[in-house]
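**Q** One structure is given below, represented as structure tokens, and several questions about it will come after.
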Amino acid sequence: MAKWKSPLFSDIRNKLGENVVFSMWKGRPYMRSYVVPANPKSLKQQANRDQMAKIVAMYQANIKGDESIAAAWDVEALPALISGYNRFCSYGRKVTLGVLDLSATTISIPVTASAIPADRLAVMVYDLNTTTYLLPTSKRGLGTYTEADYTGWTPAAGDLIYIADTKVLDGEDIESTAALYKAVNHWKKNEATGVADAMVVTA
């Protein structure tokens, strides 16, 4: 990156032909070689983009319009000096899952990596039959979650699986309160198809 001083080019912010780009950084003008932006379209990259788009949509649908819930996420993000939105997206995106078995008879949800601290991380389920969200009775952190980790849950087709931060608290909520605003991810990237598949229990 080259710096220059010239009254003629002091406020140029554009490219010159296909060779040089002029711009500003922290109030200082600079120029660099023009590079054609890459737009990779591998199935892996498409799956990453699809998951990110869905995480953003989840934030907009469940958090953005509620001041108290948005504030709870801002509190969670404060130590990192970022916004609650950025923390939410980071937590949602940086989840790695093993091979899932979401058949109703053999639930197995291995969480192998996550940016959510271990004491906060849990798999949350939505029980379609009772229309309630459930957190594991005591299990937190990385590991494989099964039906046995939940009280009163009999997995059935249509039940939903989420990755959640259990300690993002809105109002009088406590850590053991299961609520959708705590969920940051509902999808596993499918690099064979280029999409992020929803985690839904099957028959």
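A short reminder: the numbers here are calculations on the coordinates, not readings from a lab. Small disclaimer: the values here were computed from a predicted structure and weren't measured. Here the Cβ positions follow ideal geometry from the backbone for every residue, glycine too, while neighbour counts run over all protein chains shown.
**Q** From the gyration tensor of the Cα coordinates in the stretch 68-203, what semi-axes in whole Å does the equivalent ellipsoid have, largest first, with each one equal to sqrt(5λ)? All intermediate terms of the calculation are to be shown ahead of the outcome.
**A** On the way: eigenvalues 114, 64, 32 Å².
After diagonalising the Cα gyration tensor, the semi-axes are 24, 18, 13 Å.
**Q** Okay, helix-only estimate at 222 nm for the chain: each DSSP H run of n ≥ 4 adds -39500 (n - 2.57), divide by all residues, round to 500 deg cm²/dmol; what do you get?
**A** About -6500 deg cm²/dmol.
**Q** Want the number for residue 191 to residue 157: 0.36 nm per residue separation, take away the alpha-carbon distance, what's left? All intermediate terms of the calculation are to be shown ahead of the outcome.
**A** Numbers: separation 34, 0.36 × 34 = 12.24 nm, distance 2.43 nm.
Full extension from residue 191 to residue 157 adds 9.8 nm.
**Q** What nm value, rounded to one decimal, do you get for the distance between residue 148 and residue 30 when each label is placed 7 Å out toward the C-beta?
**A** 5.6 nm
**Q** Still on this model: Among 81, 135, 160, which one shows the highest mean-square fluctuation when the chain is modelled as a Gaussian network with alpha-carbon springs under 10 Å?
**A** Highest fluctuation of the listed residues: 81.
**Q** Hey, for a label at residue 106 modelled as a point 7 Å past Cα toward Cβ, could you say which residues of the stretch 134-171 have their backbone N under 18 Å away?
**A** In the stretch 134-171, the label zone of residue 106 (backbone N under 18 Å from the point 7 Å along Cα→Cβ) covers 144-149, 155-157.
**Q** Moving on. Quick one: Karplus J couplings for the stretch 53-58, per residue in order, coefficients 6.51, -1.76, 1.60, θ = phi - 60°, nearest Hz, x for Gly and Pro?
**A** The phi angles translate into 4, 6, 5, 4, 5, 5 Hz.
**Q** While we're looking at this one, here's another question. What does the charge add up to near residue 45, with Lys and Arg as +1, Asp and Glu as -1, over the other residues with Cβ less than 14 Å from its Cβ?
**A** On the way: positive: 41, 44, 49, 93, 189; negative: 50, 191.
Taking every other residue near residue 45 into account, the sum is +3.
**Q** A follow-up question, please. In degrees, nearest 10, range 0 to 90: what is the angle between the Cα axis of helix 67-77 and the longest Cα principal axis of the chain?
**A** The two axes meet at around 70 degrees.
**Q** Can you say what percent of the DSSP beta bridges in the chain, counting only those with both residues inside, are antiparallel? Round to 5.
**A** Working: 32 of 33 bridges.
Antiparallel bridges: around 95 percent, rounded to the nearest 5.
**Q** Turning to a different aspect of this structure: Can you pull the one-decimal nm distance between simple spin-label points at residue 137 and residue 113, each 7 Å off the Cα toward Cβ?
**A** Output for this residue pair reads 3.3 nm.
**Q** Additional query: When the label point is put 7 Å from the Cα of residue 83 along its Cα-to-beta-carbon vector, which residues of the stretch 52-66 have a backbone N closer than 14 Å?
**A** Correct set: 56-57, 59-61, 63-66.
**Q** Looking at the chain as a GNM with Cα springs under 10 Å, which of 92, 141, 171 has the largest mean-square fluctuation?
**A** Ranking 92, 141, 171 by mean-square fluctuation puts 171 first.
**Q** Relative to the present Cα-Cα distance, how much length would full extension add between residue 68 and residue 94 at 0.36 nm per residue of separation? Before the final figure, lay out each step's value.
**A** Numbers: separation 26, 0.36 × 26 = 9.36 nm, distance 2.48 nm.
Going from the current span to full extension adds 6.9 nm.
**Q** In degrees between 0 and 90, to the nearest 10, how far off the longest principal axis of the chain does helix 84-93 point, with axes built from Cα atoms?
**A** 70 degrees
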